[in-house]
Amino acid sequence: MQHRTVSGKISYTSTKPEWEGRERGREWFTFTHHGDGSTIMRARCEIEEPEPTVLRDIIYHLDADNRPTDLHVHLTLGDDYLGSGWLHADWENEVIDCESFGPSIGRLSQRMPMGGAIDGFGTHPVVGDGFLTQCMDLAKGPHKRMIRVFVPSPDHRGATPPLISEVNIGMEYVGEETVTVAAGTFDCRHYRYYDDGPGMGGTQHPDFDMWITADEDSLLVKGSIDGYMMNRYELVELDRF
């Protein structure tokens, strides 16, 4: 095969007293990097806390210029089917299309103008949040800027039927650090998402600190969200072949 594969598992934990030392969810991911420069990300996410539980399946394709093309989403909420959908970036006509279905929304088709440059699709798996950091210009050193993405849900857990939403959120490149987790020791770049605006879905998202491998794979090694979430993320398995 001509492609290169990276796969692994991220453990979700919490600093809430009732969840201390327990796993509150998990995420399995695979990146397929093709010889033409395009990438396919696949992720399966299980969130047990807070209730209701969320099961998310994602397939996300980026072209050779690292631009989003297709995003497939399937969601289960509390063991019931919530919805599924497909987002497509039409770069020739500069529009975002969405085809979706869910028991609460029925069958819907949407089309939204891009309205200028975008940095990617927000996919909700934390490994996708980490990969999106490639939009930052490392030549500028530590700095902040606003990024613009389209997401299938503005909910912080992505737990609504897939529909097009635009999100503008801050990203900061903090610097470089070496991080040790269950999967090993990695040279990392420290990034931070910060929400100084009206918030995703009308609710301000707490800062999300991420430590991402300092290489072309941009894998999330460790993550931390405080505020009302108090979430922690750790890379516990990794294979590259």
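Readers should treat all values here as calculations from the given coordinates under stated rules, not as data from a laboratory. In this text the structure is predicted, and so the values were computed from the model without any measurement. Note that each Cβ is placed from the backbone with ideal geometry, even for glycine, and that neighbours are counted across all protein chains shown.
So what is the diffusion coefficient of the stretch 106-156 in µm² per second by Stokes-Einstein at 10 °C and 1.306 mPa s, using a Kirkwood Rh over Cα pairs? Taking Rh from Cα pairs, D becomes 121 µm²/s.
Going 7 Å from the Cα of Arg22 toward and past its Cβ, which residues in the stretch 51-86 have a backbone nitrogen under 12 Å from where you end up? Of the residues in the stretch 51-86, 51 have backbone N under 12 Å from the label point off Arg22. A P(r) calculated from all alpha carbon pairs of the stretch 142-186, with 5 Å bins opening at zero, reads 5, 17, 15, 14, 12, 17, 15, 5 percent.
Note on the stretch 136-241: the C-alpha convex hull projects to 7.8 nm² when averaged across all orientations.
Among the lysines, which have Cα under 30 Å from the Cα of Lys9 when same-chain residues fewer than 8 positions away are ignored? Within the straight-line cut-off, Lys9 pairs with Lys144, Lys222.
Take the Kirkwood radius over Cα pairs of the stretch 81-181, plug it into Stokes-Einstein at 4 °C and 1.567 mPa s, and you get 85 µm²/s for translational diffusion.
Suppose R0 equals 30 Å. What FRET efficiency, 1/(1 + (r/R0)^6) with r the Cβ-Cβ distance, do Val236 and Asp79 give to the nearest 0.05?
0.75
Against the compact-protein benchmark of 2.2 N^0.38 Å, the Cα-based radius of gyration of the stretch 27-77 scales to 1.34.
Calculated FRET efficiency, Arg44 to Asp196, Cβ-Cβ distance, R0 = 41 Å: about 0.80 to the nearest 0.05. When you restrict to C-alpha pairs under 8 Å that are six or more residues apart and normalise by the size of the chain, the relative contact order lands at 16 percent. Give me the tail of P(r) for the stretch 62-129 as a percent: Cα-Cα pairs with distance above 15 Å. Percentage above 15 Å: 59. Each principal axis of the Cα cloud of the chain was taken in turn, and the coordinate range along them, longest first, works out to 45, 43, 42 Å. What is the local net charge at Leu75, summed over the other residues whose Cβ is closer than 14 Å to its Cβ (Lys, Arg +1; Asp, Glu -1)? Surrounding charge for Leu75 is -2.
In this simple spin-label model, placing a label point 7 Å from the Cα along the Cα-to-Cβ direction at both Met112 and Trp91 gives a separation of 2.0 nm.
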